[in-house]
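Engineer: Okay, here's the structure, questions in a sec.
Please treat every number below as a calculation from the coordinates, not as lab data. This is a predicted model, so every value here is computed, not measured. Every residue, glycine as well, gets a Cβ built from its backbone with ideal geometry; the counts of neighbours run over all protein chains shown.
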Amino acid sequence: MVLEFWGARVTLAQVLDRALAAGAWDENRHWLHTGLVAVLQDHGLMACRRNWRLLDGHEKAYLAGRQPGADTAEELEWVRDQMLAEGLATVTGLLAQGVPVITSVYRPFGDHRGSGHQIVLIGNAEGGLRYHDPAERDGERMEVSVEMFLANWKGTGIITVPRDHPQNRLNRP
């Protein structure tokens with residue numbers, strides 16, 4: 001979906017072959033962002049993985065030697081919320097500039113038993129986000145509320161733009 005959006009002429013079979021060769025698929029963890037980034041880069045795009053999750057299970061390192069307790073649990077929850085808010089601000093800013101973002105979510109929304117699923121956010125909507133879901137039969141131009149997205153977002157994403165895109169230079173001095 002993202003490759004087509006940016007004008008790449010490639011078949012699904014070609015993408016899957018390259019993704020498997022890049023180690024982008026794992027039987028237990030499914031699609032891995034690092035491998036997907038490599039596939040996008042192979043097609044001439046700038047791509048990077050972003051992570052707005054709290055330390056991926058390394059909360060003890062964040063606490064820097066303090067013993068976990070009620071006060072630290074509250075702090076960790078607050079930091080987690082702040083990181084997701086920063087991520088959402090980044091994502092919605094990119095969407096406002098016409099840059100789609102691949103995100104990992106729990107699907108169907110509300111079911112956190114699975115390992116996750118990739119959707120492509122394509123724009124902002126009133127009170128929500130527009131997205132494409134490759135697993136849905138009619139999965140184009142769907143909408144989800146911001147609240148539902150945040151409750152199911154795994155806090156990660158892949159940002160990709162053509163090498164000559166203005167967004168490619170946005171954060172450089």
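Engineer: Tell me the relative contact order for the chain as a rounded percent, counting alpha carbon contacts under 8 Å between residues six or more apart. Show your work: numbers first, answer last.
Structural biologist: Working: 242 pairs, mean separation 39.7, N = 173.
It rounds to 23 percent for the chain.
Engineer: Report, in degrees rounded to the nearest 10, the 0 to 90 angle that the Cα long axis of helix 12-21 makes with the longest principal axis of the chain.
Structural biologist: Between helix and principal axis, roughly 50 degrees.
Engineer: Now for a different question. Looking only at GluC sites (Glu not before Pro) in DSSP loops with at most 10 other Cβ atoms within 10 Å, what is the longest site-free stretch of the chain? Intermediate results must be reported in sequence, preceding the final value.
Structural biologist: Working: sites that count: E27, E126.
Result, exposed sites excluded: 28-125.
Engineer: Report the local net charge at E74: Lys and Arg +1, Asp and Glu -1, summed over other residues whose C-beta lies under 14 Å from its C-beta.
Structural biologist: -3
Engineer: Tell me the mean residue ellipticity at 222 nm calculated for the chain from its helices only (DSSP H runs of n ≥ 4, each -39500 (n - 2.57), averaged over every residue, nearest 500). Don't jump to the answer; show the numbers that get you there.
Structural biologist: Values: 6 runs with 63 residues, N = 173.
About -11000 deg cm²/dmol.
Engineer: In percent, what relative contact order does region 27-120 have, based on Cα pairs under 8 Å that are 6 or more apart in sequence? Could the numbers behind the result be given before it?
Structural biologist: Details: 56 pairs, mean separation 18.9, N = 94.
Normalised by residue count, the contact order of region 27-120 is 20 percent.
Engineer: Which of the following values of volume of the Cα convex hull per residue in Å³ was calculated from the structure shown: (1) 189; (2) 151; (3) 120?
Structural biologist: Answer by label: (2).
Engineer: I'd like the trypsin sites (Lys or Arg not before Pro) in region 64-155 restricted to DSSP loop residues with at most 13 other Cβ atoms within 10 Å, sorted by number.
Structural biologist: Those satisfying the criteria are R66, R113, R137, R141.
Engineer: Please identify every one of the chymotrypsin sites (Phe, Trp or Tyr not before Pro) in region 82-137 that sits in a loop by DSSP and has no more than 16 other beta carbons within 10 Å of its own beta carbon. Let's see the in-between values first.
Structural biologist: Numbers: sites: Y106, F109, Y131; in loops: Y106, F109.
Filter output for region 82-137: F109.
Engineer: Which order results if V91, V15, V146 are arranged by neighbouring Cβ count within 10 Å, fewest first? Write out the running numbers ahead of the final one.
Structural biologist: On the way: V91 23, V15 19, V146 15.
Ordered by Cβ neighbours within 10 Å, fewest first: V146, V15, V91.
Engineer: Give the shape of region 74-125 as rounded, prolate or oblate, defined through the alpha-carbon gyration tensor: a ≥ b ≥ c are the square roots of its eigenvalues, a/c under 1.5 means rounded, and otherwise the shape is prolate if a/b is larger than b/c and oblate if not. Let's see the in-between values first.
Structural biologist: Details: a/c = 2.84, a/b = 1.14, b/c = 2.49.
Judged from the Cα gyration tensor, region 74-125 comes out oblate (a/c at least 1.5, b/c at or above a/b).
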